[in-house]
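The values are calculated or read from the model by the stated rules, or taken from the named source; none is laboratory data. Note that this is a predicted model, so its numbers are computed, not measured. Quick reminder, even Gly has a Cβ in these numbers, built from the backbone with ideal geometry, and neighbours come from all protein chains shown.
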């Protein structure tokens, strides 16, 4: 239960896709407080670690930025090894008393890996190469999965269409997208 002293903040759909040699991640721009849209063009997807890693986050903005900065420090410590950095971040997030209070989810991708990272210690690599988080994440993920299986769309087109579908279903998701993409390594 929430009170007006602590309003419920909603408003994120993040979708990431590894398909046809590309990694594409998109986030919508809407931020809502209770039943009011307070921002239309928030940037919830960005590049870190010398533009080699794409991250997207759902949850409280300050918490998400804190986690992004911590992930970048882990990447520096482990020479850009996303798997190791993600596992260490999740471990810290789960075991540190202050970090456990952070309310966010994160998706991180590099040319080889795509992970969902959570405060419960999860580091999940999706089976199908697609993952969605946030209020419209399930709709975006379902749409992207269907489009990959039943269309000839390019990866960016799949993500754009899936995010449009999510925005038509989720009142906390809008059509203002931030999209980052990169090539996968050969053989992906």
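Would you confirm whether or not segment 58-74 contains a residue that is out of contact with any helix residue (DSSP H, G or I) (no Cβ under 7 Å at 6 or more places or on another chain), closer than 23 Å to residue 131 by Cα and modelled with pLDDT of 95 or more? Yes, that holds for at least one residue.
The residues of segment 83-104 that are buried (at least 21 other Cβ atoms within 10 Å of the Cβ) and either within 25 Å of residue 135 (Cα to Cα) or in contact with a strand residue (DSSP E or B) (Cβ under 6 Å, 6 or more places away or on another chain) (or both), listed by number, are 86, 89, 90, 93, 104. Only residues that are within 21 Å of residue 13 (Cα to Cα) and in a helix (DSSP H, G or I) were counted in segment 51-85, giving 10.
Between 47, 22, 18, which is surrounded by 13 or more Cβ atoms within 10 Å (Cβ to Cβ), more than 20 Å from residue 169 (Cβ to Cβ), modelled with pLDDT of 95 or more and in contact with a helix residue (DSSP H, G or I) (Cβ under 6 Å, 6 or more places away or on another chain)? Working first, answer last.
Numbers: 47 fails: in contact with a helix residue (DSSP H, G or I) (Cβ under 6 Å, 6 or more places away or on another chain); 18 fails: in contact with a helix residue (DSSP H, G or I) (Cβ under 6 Å, 6 or more places away or on another chain).
Result of the check over 47, 22, 18: 22.
With the requirement that a residue be part of a loop (DSSP other than H, G, I, E, B) and either within 18 Å of residue 49 (Cα to Cα) or free of Cβ contacts under 8 Å to residues at least 24 places away in the same chain (or both), what does segment 172-184 give you? Correct list: 184 only.
Condition (residue is within 21 Å of residue 38 (Cα to Cα) and part of a helix (DSSP H, G or I)) applied to segment 150-163: is it met by at least one residue? Reasoning before the result, please.
Step one: filter segment 150-163 for residues within 21 Å of residue 38 (Cα to Cα), giving 163.
From the residues that got through so far, the ones that are part of a helix (DSSP H, G or I) too are 163.
Yes, because at least one residue in segment 150-163 is within 21 Å of residue 38 (Cα to Cα) and part of a helix (DSSP H, G or I).
With respect to (1) under 25 Å from residue 144 (Cβ atoms); (2) modelled with pLDDT under 95; (3) surrounded by fewer than 19 Cβ atoms within 10 Å (Cβ to Cβ); (4) within 16 Å of the chain's Cα centre (by Cα), the lone exception for residue 40 is condition (4).
Restricting attention to segment 100-134, the residues that are assigned to a loop (DSSP other than H, G, I, E, B) and on the phi > 0 side of the Ramachandran plot total 2.
When segment 25-43 is filtered for residues that are in a loop (DSSP other than H, G, I, E, B), touching a residue at least 12 places away in the same chain (Cβ under 8 Å) and more than 24 Å from residue 115 (Cα to Cα), the ones remaining, listed by number, are 34, 40, 41.
Pick from 108, 140: which is within 27 Å of residue 72 (Cα to Cα), touching a helix residue (DSSP H, G or I) at 6+ places or on another chain (Cβ under 8 Å) and touching a residue at least 60 places away in the same chain (Cβ under 8 Å)? Can you show your working first?
Values: 108 fails: touching a residue at least 60 places away in the same chain (Cβ under 8 Å).
Answer to the check: 140.
Of all residues in segment 125-134, which are buried (at least 21 other Cβ atoms within 10 Å of the Cβ) and either without any contact (Cβ under 8 Å) to a residue 12 or more places away in the chain or over 26 Å from residue 87 (Cβ atoms) (or both)?
We begin by selecting, within segment 125-134, every residue buried (at least 21 other Cβ atoms within 10 Å of the Cβ); these are 130-134.
Across segment 125-134, there are no qualifying residues.
If you go through segment 143-154, how many residues are more than 16 Å from the chain's Cα centre (by Cα) and in contact (Cβ under 8 Å) with a residue 24 or more places away in the chain? Selection size over segment 143-154: 2.
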